[in-house]
Amino acid sequence: MAPRPAPKRLVVLDAGHGGKDPGAIGISGTYEKSVALAAAYELRRQLEASGRYRVEMTRERDVFIPLEGRVGFAEARGAALFVSMHADALIDHGVRGASVYTLAPTASDPQTAQLAERENSADRFAGPQYHGLSPVVAGILASLVRRETRLGSARLARDLVGNMDPAVPMLPNPARHAGFVVLKAADIPSVLVEMGFMSNPQDEAALLRADHRARVAAAMKRAVDAYFAAADHMTRMAS
Ligand code: ZN
């Protein structure tokens, strides 16, 4: 009798922002929330086409979801991976390229600290019951995330950088970390990908193109493949 095929892994894709929260607004008026959703749809298409994954999206349309709701969505479904997709803005419009973020109690650099503050403040759109968490609280959350989850997140981040570079223009030192609230699931390896910056005209123009989003998604899919291939290898070695 043929062995039963392995159950498909569940990958949760989180298109950043949405609804009353537009995210960053590009030089030519593009909303980050739209680019993030279009890229998440493309990555879902490519992951599902491989036949190896189930994919769910925290949002499939232009709707606001608090950060806690995004984490809870992945936790409730027992996701194997959580990937939050963004294209934010920086004060320096010259900065361009993709970058990958994991959760840590302290930021890797001032630019990332600024980015995390901006991402965490998305909940200001949710009303008085939600408050963007302070960096101190985010640090406490980071320390509660299990060690295996932290290691898995770091491995996924490395796979992402390794597969995106050089297919996609990258920020210098593209693997960075800070207290991103949306990455706080204790048991799910989680990363946040900035596919580029809306504050940079070249990045904005690229992300508006379907062929560029397909290239970004293809690189991210290769990283997901590499992540699970290594995980399977480690499981076999351990058994
Ligand atoms: Zn964002």
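The values are calculated or read from the model by the stated rules, or taken from the named source; none is laboratory data. All figures in this text were calculated on a predicted structure; none of them were measured in a lab. All Cβ positions, glycine included, derive from the backbone under ideal geometry; neighbour counts span all protein chains shown. Quick note on the areas: whole protein, heavy atoms, side chains included, nothing else; ligands and nucleic acids left out. Shrake-Rupley method; radii C 1.70, N 1.55, O 1.52, S 1.80 Å.
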Open item on the list: For the ranges 62-72, 48-58, what's the packing order if you count other beta-carbon atoms within 10 Å of each residue, average per peptide, and put the highest first?
Closed with: 62-72, 48-58
Open item on the list: Ignoring ligands, DNA and RNA, please state the percent of accessible area on segment 11-118 from carbon and sulfur, probe 1.4 Å.
Closed with: 52 percent
Open item on the list: Can you divide the C-alpha Rg of segment 1-121 by 2.2 N^0.38 Å and report the result to two decimal places?
Closed with: 1.20
Task: Cβ-based charge dipole, the chain, positive-most Cα from Ala219, Ala79, Ser199 - done: Ala79
Task: Dipole of the chain, positive direction: furthest Cα of Leu115, Met164, His233, with charges on the beta-carbon - done: His233
TODO: Treating the angle as unsigned and between 0 and 90°, give the value, to the nearest 10°, between the Cα long axis of helix 135-144 and the longest Cα principal axis of the chain.
DONE: 0 degrees
Task: Gaussian network model of the chain, springs between alpha carbon atoms under 10 Å - residue of Leu90, Leu156, Leu37 with greatest fluctuation - done: Leu90
Task: Phi to ³J(HN,Hα) by Karplus 6.51 cos²θ - 1.76 cosθ + 1.60 over segment 116-123, Hz, x for Gly, Pro - done: 5, 4, 5, 4, 5, 7, 4, 6
Open item on the list: Normalised by the empirical 2.2 N^0.38 Å for globular proteins, what value does the Cα Rg of the chain take?
Closed with: 0.96
TODO: With +1 on each Lys and Arg Cβ and -1 on each Asp and Glu Cβ, and nothing else charged, work out how big the dipole of the chain is about its Cα centre, in Debye to the nearest 20.
DONE: 800 debye
Open item on the list: I need the trypsin sites (Lys or Arg not before Pro) found in segment 172-220, filtered to DSSP loop residues with at most 14 other beta carbons within 10 Å of theirs.
Closed with: Arg209
Open item on the list: As I understand it, the value is the acute angle between the Cα axis of helix 32-49 and the longest principal axis of the Cα atoms of the chain; what does it come to in degrees, rounded to 10?
Closed with: 10 degrees
Task: Net charge dipole size for segment 147-239 [Lys, Arg +1 and Asp, Glu -1 on Cβ; Debye, nearest 20] - done: 180 debye
Task: segment 93-212, dipole about Cα centre (Lys/Arg Cβ +1, Asp/Glu Cβ -1), debye to the nearest 20 - done: 300 debye
Task: Å² of accessible area per residue within the chain, as computed with a 1.4 Å probe and no ligands counted - done: 46 Å²
Task: Projected-area average for segment 138-229 over all orientations - Cα convex hull basis, square nanometres - done: 6.4 nm²
Task: Among Pro22, Pro105, Pro172: highest mean-square fluctuation, GNM of the chain, C-alpha pairs under 10 Å - done: Pro172
